[in-house]
Amino acid sequence: MKMLLHFTPQIIKKPLIAEVVLETGVLVNINKATIDVTGGELIINVPDKDVNKVIKSFKSRGVDVVTLEKPIIRVDEECVHCGACISVCPTNVFKCEVDDSISLDHKECIQCGACITACPHNALKLSR
Amino acid sequence: MVEKTVEEVNQKIRDGSVRVVTAEEMTEIVEALGPKDAAKEVDVVTTGTFGAMCSSGAILNFGHADPPIKTQKVWLNDVEAYAGLAAVDVYIGATQLSESKGMEYGGGHVIEDLVSGKSVTLRATGYGTDCYPLKNIETTLTLEDLNQAAMINPRNAYQRYNVATNTSDQIMHTYMGPLLPNLGNAIYSGSGALSPLFNDPTYATIGIGTRIFLCGAQGYVIGEGTQHDPKSNMGTLMVKGNLKEMNPEFVKGASFHKYGTTLYVGLGIPIPILNEDVALHTGISDAEIRAEVLDYGVQRRDRPVLGKVTYEELKSGRIEIDGKEVRTSAISSLYMARKVAESLKDWILKGEFTLSKPVERLPTKLRVKSMRQTGGLPLVKDVMTDGIGTIKPDVGIEEASKRIIKGEFNHLPVVSDDGRLVGIVTSWDISRAVALAKRGKVEQIMTRRVIVVSPSDPIDIAARKLEQHNISALPVVDGKRKVIGIITSEDLSKLLAGGT
Ligand code: SF4
Ligand code: SF4
């Protein structure tokens, strides 16, 4: 499962990810990281069975954790099934089905944002 | 030999014996039975397309206010509509942008909102006359409040369209969507075997007066579209339909990132299978429809052709360009195009839609002309400085700094031994390295991702690149990436100042 971590500037200097990995023994995968003076934001991917352990460990260190059950959200009424989102997505989230409708597989999304601007119908949003 | 007339087909529609299939179904029927038997079996083939059609808009009549106003400027939800017509007539075009929301909202969205029954804010100004004294008005309106609301699209239903890709090292935001750098993707448009004009490429049955499916309403072909180019298999249609009868599912405003707004239009044409020839044409398959792959990395009218592919290949999700596998996706919707063709089929089967015989054929011999440009665009090669100094990547920073002191340059292209551009250093990069007492070679401080122009580019392209990347100079390179000059923002501003 993907999760979004918020760091305050006070704790940003600590090697938090390393500490959590050592404590839980879970290998987290970093999908995206943005860090500046106002703090940090990280999207990580954690094996489903270890989710609770990892959340607990981050929370005990003062990190705000939001699980991204659906990292990418589609407003289905707006979608016209054109497929413009397909070829810009680095992780192949979107797929053309046999009836040529476009489906999406949330699990693969790393929230890069490429599809958001590619969609001409403003049908896609990142969950927060 | 089968010969039917449109009247005979309509008789069958009325008595319920008509046989209708979609163009995709027809492809299989013609393949199985051959055109002769297919013409006996099938009376009507329905086609469909659903995609971005920028040359679309609507003529609206608001009715007169009291006191009356002769509108000179009109905005609908802050999108300007053309009001150079009678007092309360306007034309709202799909690509006009909102003055407050910019590229997020435009004429296409206004049309969608009207069709969806939403209320729209009208703001208008006039200059005031004895008969039209009012100078300003603001009100909210819905589609129901309008007298007429006619969609009139100057160019729809392109027979086929090019495939867009990008060999440059920058992402390009186009009307075909985002094109990723270095052949990162390819985007196509059009519904292939379902495409209206591809199923009747000689316009044997389609002409002025042909009744069609337009955005869920019954509309008409009113002539050839603008840029109609039958000789290159790029025919287009001008169409009309009543906004008040349309279905919002088939009219969707859209916005292309960093490009602007447009309207997605659902359009379908019924083709009466009058004889074997018509049947043969409607048997066309995706494998037989080819499109050229163009390089949108080149910002010119005549873009290089990188290859030809079929719609079958495009729809498979991958094509090959220069030996590289490239992911494809569509900007038009095949799913919705099929819905258009199916809805039209349904109407005909239920007897709600009869066919019309065109009163005039579409031209089959026209060619598209390019714009006559009398101004004469200056080219980069006319303005650039040539014979400029360059530097090798392995020259020491100290040595390079001597060349600045001599005042040789502000920007110095870095070239390999065979003269190819590999980077660029500015006098600022070097001064900074010297100030920080950095030792080493030019290659350690140069910028490697250099934005360049070609000598035959018009200077507007150079100006756009300078502005887009917020830089002050561009090396001019030939096809082999050899540096032949440099063009700076200073050169350009001098030229513009001199020109006016
Ligand atoms: S945000 Fe990025 S990874 Fe997620 S679906 Fe969109 S393009 Fe794919
Ligand atoms: S680009 Fe937008 S409208 Fe097109 S298929 Fe994807 S989500 Fe749907």
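So which of B:Ser329, B:Ser343, B:Ser356, B:Ser316 is over 28 Å from B:Val477 (Cα atoms), of a type in the set (Ser, Thr, Tyr), more than 14 Å from chain A (Cβ to nearest Cβ) and out of contact with any Phe, Trp or Tyr (no Cβ under 7 Å at 6 or more places or on another chain)? Steps first, please.
On the way: B:Ser329 fails: more than 14 Å from chain A (Cβ to nearest Cβ); B:Ser343 fails: out of contact with any Phe, Trp or Tyr (no Cβ under 7 Å at 6 or more places or on another chain); B:Ser316 fails: more than 14 Å from chain A (Cβ to nearest Cβ).
Just a single option satisfies the conditions, and that option is B:Ser356.
Give the residue that is farthest from the chain's Cα centre (by Cα), with candidates limited to residues of the range B:311-349 that are part of a helix (DSSP H, G or I) and among the small types (Gly, Ala, Ser). So the residue we want is B:Ser343. Among the residues of the range B:431-451, those that are assigned to a helix (DSSP H, G or I) and modelled with pLDDT of 85 or more comprise B:Val442, B:Glu443, B:Gln444, B:Ile445.
Here are A:Asp105, A:Asp48: which of them is at pLDDT 85 or above, within 14 Å of ligand 1 (Cβ to nearest atom), away from every other protein chain (no Cβ under 14 Å) and within 18 Å of the chain's Cα centre (by Cα)? Explain how you work it out, then say what you get.
Values: A:Asp48 fails: within 14 Å of ligand 1 (Cβ to nearest atom).
So the residue among A:Asp105, A:Asp48 that is at pLDDT 85 or above, within 14 Å of ligand 1 (Cβ to nearest atom), away from every other protein chain (no Cβ under 14 Å) and within 18 Å of the chain's Cα centre (by Cα) is A:Asp105.
Here is a check on your reading of the model: is A:Leu27 more than 16 Å from ligand 2 (Cβ to nearest atom) and either part of a strand (DSSP E or B) or touching a Lys or Arg at 6+ places or on another chain (Cβ under 7 Å) (or both)? The answer is no for A:Leu27.
On the given criteria, is A:Val80 loosely packed, with under 14 Cβ neighbours inside 10 Å, of a type in the set (A, V, I, L, M, F, W, C) and either more than 8 Å from ligand 1 (Cβ to nearest atom) or free of Cβ contacts under 8 Å to residues at least 40 places away in the same chain (or both)? No, not satisfied.
For the range B:78-157, which fully contained strands (runs of 3 or more DSSP E) count at least 1 residues that are closer than 30 Å to B:Asp229 by Cα? Can you show your working first?
On the way: elements: B:79-81, B:89-93, B:102-106, B:120-125, B:136-141, B:148-156.
Ranges flagged: B:79-81, B:89-93, B:102-106, B:148-156.
If you go through the range B:178-192, how many residues are under 13 Å from B:Tyr158 (Cα atoms) and either assigned to a helix (DSSP H, G or I) or among the β-branched types (Val, Ile, Thr) (or both)? Explain how you work it out, then say what you get.
Start the filter on the range B:178-192 by keeping residues that are under 13 Å from B:Tyr158 (Cα atoms), which leaves B:188-192.
Now narrow it down to the ones that are either assigned to a helix (DSSP H, G or I) or among the β-branched types (Val, Ile, Thr) (or both): B:192.
Number satisfying all stated conditions: 1.
Residues that are surrounded by fewer than 21 Cβ atoms within 10 Å (Cβ to Cβ) and under 20 Å from B:Ser195 (Cβ atoms) within the range B:11-28 comprise B:Glu25, B:Glu28, listed in sequence order. When A:Ala33, A:Ala114, A:Ala118, A:Ala123 are screened for being within 14 Å of chain B (Cβ to nearest Cβ) and touching a Gly at 6+ places or on another chain (Cβ under 9 Å), only A:Ala118 passes. Inspection of the range A:114-122 finds a residue satisfying the criterion of being farther than 22 Å from B:Lys315 by Cα, near ligand 2 (Cβ under 9 Å from one of its atoms) and among the polar types (S, T, N, Q). Can you confirm whether the range A:61-79 contains a residue that is closer than 30 Å to B:Asn247 by Cα, within 12 Å of chain B (Cβ to nearest Cβ) and either modelled with pLDDT under 95 or more than 10 Å from ligand 2 (Cβ to nearest atom) (or both)? Within the range A:61-79, one or more residues are closer than 30 Å to B:Asn247 by Cα, within 12 Å of chain B (Cβ to nearest Cβ) and either modelled with pLDDT under 95 or more than 10 Å from ligand 2 (Cβ to nearest atom) (or both). Residues in the range B:409-445 that are more than 41 Å from the chain's Cα centre (by Cα) and among the polar types (S, T, N, Q): B:Ser427, B:Ser431, B:Gln444.
Taking the range B:205-234 as the range and being in a loop (DSSP other than H, G, I, E, B), buried (at least 17 other Cβ atoms within 10 Å of the Cβ) and either more than 14 Å from every other protein chain (Cβ to nearest Cβ) or out of contact with any Gly (no Cβ under 8 Å at 6 or more places or on another chain) (or both) as the test, the residues that pass are B:Thr205, B:Ile206, B:Thr210, B:Gly225, B:His228.
Identify all residues within the range A:84-106 that are in contact (Cβ under 8 Å) with a residue 12 or more places away in the chain and either at positive phi or not in a loop (DSSP other than H, G, I, E, B) (or both); write none if there are none. A:Ile86, A:Val88, A:Asn92, A:Phe94, A:Cys96, A:Asp100, A:Ile102, A:Leu104, A:His106, listed by residue number.
The values are calculated or read from the model by the stated rules, or taken from the named source; none is laboratory data. Only a predicted model underlies this, so the values are computations on that prediction, with no experimental measurement involved. Don't worry about glycine lacking a Cβ; one is built from the backbone with ideal geometry, like all the others, and counts go over all protein chains shown.
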